[in-house]
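Worksheet for the structure shown next.
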Amino acid sequence: MITTITSHYVNGKFIPSHGQEVFNLISPVDGSTVGQVTLGDEEDARAAIAAAKAAFRDYGRSSLDERADYLQLLHEAIAARAEDHIEAMAIEYGAGRLRSEVTVARAARCFANVRGLLDEVPYIRAYGDVRVTRKPVGVSALITPWNSDLLMLSQKIAPALAAGCTVVAKPSELSALQTQVLIECIDAAGLPPGLINVVNGRGEVVGQELSTNADVAKISFTGSTAVGKTIMRNAADTMKRVTLELGGKAATVMLPDADLDQTVRFALSAAFMNSGQACIAGSRLVVPAGRLDEVKRALLQAVPDIKVGNPREPGVVIGPMVTEKQYLRVQRYIRTGIEEGAQILVGGEGPPLGLEAGFFVRPTVFVGVTSDMTVAQEEIFGPVLAVLTYETEAEAIAIANDSTYGLLSYVVTNDAEHGRVVADQLETGGVFVNELFDFYEHPRAPIGGLKQSGFGREFGVEGITEFLETHSVFARRQ
């Protein structure tokens, strides 16, 4: 059965699309068409912006209690449709059930977490005759990628509403089925019209309008570094506030004292999370040269046990790439690694045996990798791990930092305190030591990038203040 989507969500209603381009939604499992979505155009984007602007006149002055109520309603509405979210992720994205269950729980939790932080935001401070207040910046455009539609939208909508901003969201057109379930949740929550508006469309059409329209005050974007730079340029003329969470090339640093089994489990979990289609994926493993042989043996034993296949099958860890284009991109990187002299330890080109119909990649591990190789520098966005070696701790840190990206990094060690010492020297916005922490279990900890991974922060009080402006009033007493 093919699902057809022909409307956008504007001013609290499902509005027929003014844009007429029909986009096919393709199953990454078998290449079949599973849906069609009519993409919006500039007029659809302008209608959504106008609705958000009108709603902001009242919502920008709303109380914290009102905002807390709306966040709670969204939390409940998303949780109530868990099975529908999971089904949409399986059909459209090829996500396994376990990952989807966790994703839905985290998305719902976003709203509960932010609700709990409302009272911690320093909205008003006084310094003698001066009062400094934080006010909502205004209409906020939220642009999200295809690799985690529900979660990315939720973690942007929640702090924007908490700050008192109204929203126009543009998710990836590849995620229209998943987005539709979320829109239905938003509608069921019964928020005032115009607080949240959603337009399906291409980045070069709807995204372009959002990033240039003078009535949009703020853009929060998650996606590629190249697109992030375009958004920055587009936003400059109207001086929009911009938050960018971009690409990554995270390193997992194995310190000499680390347990072998723990390191391999950790490194493979970090590298192959979301089938490798994650900006925080640990796609580089940096190991002591003296322990390389044992690491190789352990990887050779562990990787073949990682099940690749249809996400509906039990035990599947790695599903398909989201599109044929993404599959071909990963294949090109694997060929490039071979051409540049890296050696394949396990995996390689082509699909796994029996999975030729979809967009499946063999989980691949390269050894003999040096930092100047493409597979060590560029974001592949697939289940490909590059293993590099070091002689000294200083060299390990240098290798981890030898990247244009700076989103996250990982450290594995038996000495957590020493792990913190190493972590403090890594040039990334966050570091996980010995554990793949769940951001959503640590709602006060902000996360964001350095260098080409962007700027600004999500989560925590800092995530809310990204949607606030500072306003100072100087009033001398007579």
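A short reminder: the numbers here are calculations on the coordinates, not readings from a lab. All of these numbers come straight from a predicted model, not from anything done at the bench. As a convention, Cβ positions derive from the backbone with ideal geometry for all residues, glycine included, and neighbour counts pool all protein chains shown.
Give the percent of DSSP beta bridges with both residues in the chain that are antiparallel, rounded to the nearest 5. Percent antiparallel among DSSP bridges in the chain is about 45. A straight line joining the Cα centroids of the range 305-365 and the range 134-188 runs 31 Å. Global dimensions of the range 1-67 from alpha-carbon coordinates: Rg and Dmax equal 16.6, 50 Å. For the chain, the longest principal axis of the C-alpha atoms and the axis of helix 149-163 are separated by about 40°.
Sorted ascending by nearby beta carbons within 10 Å, beginning with the fewest, Phe359, Phe437, Phe266 become Phe437, Phe266, Phe359.
The list (i) 1.07; (ii) 1.14; (iii) 0.99 gives values of Cα Rg over 2.2 N^0.38 Å, and only one came from this structure; which label was calculated from it? The calculated read-out lines up with (iii).
When peptides 399-405, 196-202 are sorted by average Cβ neighbour count within 10 Å, with the highest value leading, the order is 196-202, 399-405. Placing unit charges on each Cβ (+1 for Lys and Arg, -1 for Asp and Glu) gives the range 182-231 a dipole about its Cα centre, and among Ile186, Gly223, Leu210 the Cα reaching farthest toward its positive end belongs to Gly223. The residue list Pro351, Gln277, Gln377 was ranked by how far each Cα lies along the charge dipole of the range 251-441 toward its positive end, using unit charges on Cβ atoms, and Pro351 comes out on top.
Evaluate the charge dipole of the chain about its Cα centre and quote only its size in Debye, nearest 20, assuming +1 on the Cβ of each Lys and Arg and -1 on the Cβ of each Asp and Glu.
Numbers: 43 positive and 58 negative charges, 255 e Å.
My answer is approximately 1220 debye.
Among 296-302, 333-339, what's the highest-first ranking by average C-beta atoms within 10 angstrom per residue? Don't jump to the answer; show the numbers that get you there.
Working: 296-302: 15.6, 333-339: 17.3.
By packing density, highest mean first, the sequence is 333-339, 296-302.
Among the listed pairs Lys13/Lys218; Lys229/Lys296; Lys229/Lys307; Lys135/Lys451; Lys135/Lys156, those whose Cα-Cα separation exceeds 27 Å are Lys229/Lys296; Lys229/Lys307; Lys135/Lys451. How far is helix 324-339 tilted, in degrees, relative to the longest principal axis of the Cα atoms in the chain, given as a value from 0 to 90 rounded to the nearest 10? Computed tilt is about 40 degrees.
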